[in-house]
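First the structure, then my questions, so here it is.
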Amino acid sequence: MSSADAISRRSGISGLTANIPWLLVPGLLFIFFVFGWPLLYLLRMSFNDHPGATVYVEAWTLRNYVFVLTDPGMLTEIAKTVYLSVVTAVVTVTAAFFFAQFVWLREGSARLIFLAIALGPMLISEVSVIIGWRMFFPSNGLLSYAMTSTGLSGQKINLLSTELAAVVGLSYISVSYCFFSILSVLNGIDRGLLTASADLGASPVRTFFTVLLPLAKGGIAAAFTQAFVFTMGIYATTNALGPDSLWTVPYEIQLQMLTRRNWPMAAALSIVLIVIIAAAALVTQWLRHRKGSRHV
Amino acid sequence: MFEERAFRNLHRAFAAFFTLYVLIPIGITAVMAFSDDNVIRFPIRGFSVRWFGAFLNDAQWINAAWNSLEIAAMTTVMSLLLSLPTAYALANGQRGRPWLQTLLILPLFVPGVVLGISVAMGLGSVTVFGSELFGSKILVACAHTLWALPLAITVLVPTFETLDKSLVEAAGDLGAPPLLAFFNVIVPVAMTGIVSAALFSFITSLNEFIMALFLTTRDTQTLPVMLWLSLRSSASPQIAVASFVLAGSVFTAVGLAYAWYSASRRK
């Protein structure tokens, strides 16, 4: 091989390094065509009109947005969606935090087993989660059987179609993600700090609130945002486990899209949902940085 | 002292409760799939595999299961083909990196129902080489890649960051063309990350059903879509069997990846 050849080869590799942005082209093109373009189309669709029999008629109208943001029914749905997501996020983050703290204090094979358990919900499809809980909550389900056969309850109980069942199912979907966000923050904390606090006479409760919680705050905020964002977009679990009256924004979107065949309304609702999610994510991000800077 | 012990026991009780919470839906499905009863109810009166037989003899369920596997395989291939160059570039480039990475990960935070309807509206009427895109498996795989790609990138960027760059330079100095250097030098070192990225992509696609619900027809329906659609109409343990098969495929994929990982570490 001549030296000139070797040099050109070498410039081939360094050429590859220098032209690294080219490697981004396939991924960015894909994101543009399958994500960006459809979202722009959705935005355009939300200004179209739906005069009745046809799916949509091209127009530039704000009617859909005005309806979504002023109709009492729609406003109730938006409020219910946010309420359910906040409740689910609080429950999920609390459960994930205490379990993460439990795993954090374990070593060896016990730790591995608990990690595998925490990973479980991430591997199960939402539809399987629904089916699983639908065999647990109704009056001929496992819960009712366990309660009546142990004598804890005299009669069959039915908890399906309650908000409790909906929250249990919803939190199952994001609990793994929350767990791992919190555990990764806990892993960065020196366990000796807890011992030091106890040695200096602080009660476990005081140590928890004044030492552990402030240190883990970043992970908790990230987990809360995750759980909130995930729950805002779910309708299958809410619909299949919760009460029939519990209509959320994502449920209304699929109803408008599949049943009413009102594409502009489905599009406008989607845009409103995205805006609420983005606003929530930005607010938590902002609160986190503000509080962080005050403490550091 | 007493207070501390009480605190510890409380924590143990909570961990047991949490473990139970995670295992209930999984365990209940595994048990109910083997029920001999005609309806889903407790207590279970007898065990048999007759609902597995019914599942295997139902052409529509089997078709749905194959569709799921096909779409998951397509998603894995697409996600790897796109994430490998992207993650490599992100790990090596500095300019505008946080922005690019955020942009590429953004679809993960958009609800499935919004992605589903926007892809159905925006690309549903497109025709490629005379065949309609709507209802095709490739369109579902594209939509699933929107979630698989960010996951793969998140796994692969740290993998490529820890890579020793002098290896690539050495390969170049020894005369290897860029692509050969990539496959012979980088891929073997980054294999654990690549397998994890493939696994995440595969599982994400296999489990997803909201986007698929908006993008499939009766012929291209996936297993979770069919499960969702038969949720209210079917009261027999067959639905538990189908759910068991779905979860079983995911656990098999994880098991295979884990077996590969421990085998490669032993070498």
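No lab work stands behind these numbers, since they all come straight from the coordinates. What you see is a predicted model, and the numbers here were worked out from it, not measured in a lab. Here Cβ is always computed from backbone atoms with ideal geometry, including for glycine, and neighbour counts include all displayed protein chains.
With viscosity set to 0.890 mPa s and temperature to 25 °C, compute the Stokes-Einstein D of segment A:63-295, Rh being the Kirkwood radius across alpha carbon pairs; µm²/s, no decimals.
123
Can you tell me which of A:P121, A:P243, A:P21 moves the most in a GNM of chain A? Springs connect C-alpha atoms under 10 Å apart.
Of the options given, A:P21 has the highest mean-square fluctuation.
Quantify how strongly other chains surround peptide A:38-44 by giving the mean number of their Cβ atoms within 10 Å of each of its Cβ atoms. Present the calculation step by step, with values, prior to reporting the outcome.
Values: counts 13, 8, 2, 6, 8, 1, 2.
Partner Cβ neighbours, averaged per residue: 6.
Once the Cα gyration tensor of chain B is diagonalised, what are the square roots of 5 times its eigenvalues, in whole Å and ordered largest first, as equivalent ellipsoid semi-axes?
That gives 38, 29, 19 Å for the three semi-axes.
Mind checking which of B:L104, B:L23, B:L227 has the largest fluctuation in a GNM of chain B, springs on alpha carbons under 10 Å?
With Cα springs under 10 Å in chain B, the top fluctuation among B:L104, B:L23, B:L227 is at B:L23.
Under the rule of at least 5 residues apart or a separate chain, name every residue whose amide H is placed under 5 Å from the amide H of B:S35.
Those qualifying (amide H under 5 Å, at least 5 residues apart or on another chain) are B:S48.
Another question, if that's okay. Using a Förster distance of 60 Å, how high is the FRET efficiency between A:L112 and A:A59, based on the Cβ-Cβ distance and rounded to 0.05?
Plugging the Cβ-Cβ distance into 1/(1 + (r/R0)^6) gives 0.50.
What does the extension gain come out to for A:S245 and A:S184, with contour length at 0.36 nm per residue minus their alpha carbon separation?
18.1 nm
Using Cβ contacts closer than 10 Å as the measure, can you line up B:E208, B:E4, A:E126 from fewest to most?
So the ranking, lowest neighbour count to highest, is B:E4, A:E126, B:E208.
On to the next question. Give me a single rounded figure for B:62-69: the average over its residues of other chain Cβ atoms within 10 Å of their Cβ.
For this peptide, the per-residue mean of nearby foreign Cβ atoms is 0.
If you stretched the chain out fully between B:L179 and B:T192, how much longer would it get, using 0.36 nm times the residue separation minus the C-alpha to C-alpha distance?
Difference between extended and current length: 2.7 nm.
Next question, about the same structure. What fraction, in whole percent, of alpha-carbon pairs in segment B:85-161 exceed 15 Å separation?
Every Cα pair in segment B:85-161 considered, those over 15 Å come to 61 percent.
Tell me the label-point distance for the pair B:S236, A:W37, using the 7 Å Cα-to-Cβ offset, in nm and rounded to one decimal.
The two pseudo-label positions are separated by 4.4 nm.
Which one, A:F224, A:F208, A:F30, has the greatest fluctuation when you compute a Gaussian network model over chain A with C-alpha springs under 10 angstrom?
Greatest mean-square fluctuation among the candidates belongs to A:F30.
Can you tell me which aspartates and glutamates have their Cα less than 19 Å from the Cα of B:K165? Leave out same-chain residues fewer than eight positions away.
B:D173
Counting only complete DSSP H runs, which helices of chain A cover 30 Å or more along their long axis at the Cα atoms and score a mean Kyte-Doolittle of -0.5 or above?
A:72-104, A:163-186, A:263-295
Further question: Over what distance in Å are the Cα centres of segment A:244-258 and segment A:259-281 separated?
11
How would you rank A:M135, A:M147, going from fewest to most other Cβ atoms within 10 Å of each one's own Cβ?
Neighbour counts put them in this order, fewest first: A:M147, A:M135.
Sticking with this structure for a sec: For helix B:59-92, what angle does its Cα long axis make with the longest principal axis of chain B, in degrees from 0 to 90 and rounded to 10?
The answer is roughly 30 degrees.
Using a 10 Å cut-off around each Cβ, can you sort A:L69, B:L115, B:L151 from fewest to most neighbouring Cβ atoms?
By the 10 Å Cβ count, ascending, the order reads A:L69, B:L151, B:L115.
Please give the direction-averaged projected area of the C-alpha convex hull for the protein assembly as shown, in square nanometres with one decimal.
Quarter of the Cα hull surface area: 33.0 nm².
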